[in-house]
1. Could you line up Glu23, Glu182, Glu104, Glu97 from fewest to most neighbouring Cβ atoms inside 10 Å?
2. Charges only on Cβ, +1 for Lys and Arg, -1 for Asp and Glu: so what's the dipole of the chain about the Cα centre, in debye to the nearest 20?
3. Is the chain best put as rounded, prolate or oblate by its Cα gyration tensor, with a ≥ b ≥ c the root eigenvalues, rounded for a/c under 1.5, and otherwise prolate when a/b is larger than b/c, oblate when not?
4. Could you check the simple spin-label distance between Gln135 and Gln33, using points 7 Å along Cα→Cβ, in nm with one decimal?
5. So how much slack lies between Asp89 and Val203, counting 0.36 nm per residue of separation and subtracting their Cα-Cα distance, in nm?
6. Give me the extension gain from Ser13 to Ile156: residue separation times 0.36 nm, minus the current Cα-Cα distance, reported in nm with one decimal.
7. Starting with the fewest neighbours, write out Thr14, Thr64 ranked by other beta-carbon atoms found within 10 Å of each beta-carbon.
8. Under a GNM of the chain (C-alpha, springs under 10 Å), which listed residue has the highest mean-square fluctuation: Tyr12, Tyr78, Tyr20?
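Read the figures in this text as sums done on the coordinates, not as results from a lab. Note that the structure is a prediction, hence the values are computed from the model and not measured. Virtual Cβ from ideal backbone geometry, glycine too; neighbours counted across all protein chains shown.
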Amino acid sequence: MGDQDSRAGTSYSTKAISLYCDEVHAPHGRAMQSAFDAPQDNAMPEIMVGQSEARFLSLLVQLTGAEKIVEVGTLAGYSAISMAQHLSDHGHLWSIENEPKHAEVARQHIAQAGLSERITVICADGLDGLAQIVQHGPFDMVFLDADKERYDQYQIWAEDHLRVGGVLLADNAYYFGHLLDETDDAAAVRRMHERTSLSFQSVCIPTPDGLMMGMKTRKD
Ligand SMILES: C[S@@+](CC[C@H](N)C(=O)[O-])C[C@H]1O[C@@H](n2cnc3c(N)ncnc32)[C@H](O)[C@@H]1O
């Protein structure tokens, strides 16, 4: 059930409740803990998805049977490892990262997780990296988690390269609380939402940051 407050955006979660649910439902194995700690250990920004969001991505891969996955924004490989650890032997994840140090740390943690055969980290700017992998498409899942100001362009790429029934996800879909601002950057994130709603069955899941999810439908 909801009530007027929760429907209006109030969250009943607290830090303690979030931690409890993370630990009950989404405890880290060794590889996931190591990738989660890697940004702090390597003086990188600690901006990976939350523990429960990582578990959600992992469950979604299992539920949909996704085999070909694209991620924009690797950081230290935490979300990539989460998604790829349940890929079949035929599955592959391409993750694009423009910071060489991040890409290198991610490759180390992916190797530690035993997933080097399953995950390719492409060190490139988002759109350039996407252009490099089109021959592997159509894809089953695309996860956007890099520069939000180009989410509209990544969305167009995803719309073109996902199979019908494929899933598009975008984290930080509330744009850090600025989604409705009158700025060019906020407008780009809104274009992603609005375009997705036209050619996908979509929802913005009210996670703390907003997680947009859509299933590509055939265009009429
Ligand atoms: C939020 S972090 C990704 C977190 C990761 N998905 C996780 O949850 O473990 C965003 C990453 O995108 C990278 N990035 C930012 N702008 C980019 C761009 N234009 N092209 C590729 N990567 C970019 C950043 O360097 C950073 O490592």
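1. Working: Glu23 11, Glu182 7, Glu104 14, Glu97 28.
Ordered from fewest to most neighbouring Cβ atoms within 10 Å, Glu23, Glu182, Glu104, Glu97 come out as Glu182, Glu23, Glu104, Glu97.
2. The calculation lands at about 640 debye.
3. Working: a/c = 1.41, a/b = 1.08, b/c = 1.31.
In terms of gyration-tensor shape, rounded.
4. 4.2 nm
5. Working: separation 114, 0.36 × 114 = 41.04 nm, distance 3.05 nm.
So the chain would gain 38.0 nm between Asp89 and Val203.
6. Working: separation 143, 0.36 × 143 = 51.48 nm, distance 3.39 nm.
Once the chain is fully extended between Ser13 and Ile156, it gains 48.1 nm.
7. Numbers: Thr14 9, Thr64 15.
Least crowded to most crowded, the residues run Thr14, Thr64.
8. Its mean-square fluctuation being the largest, the pick is Tyr12.
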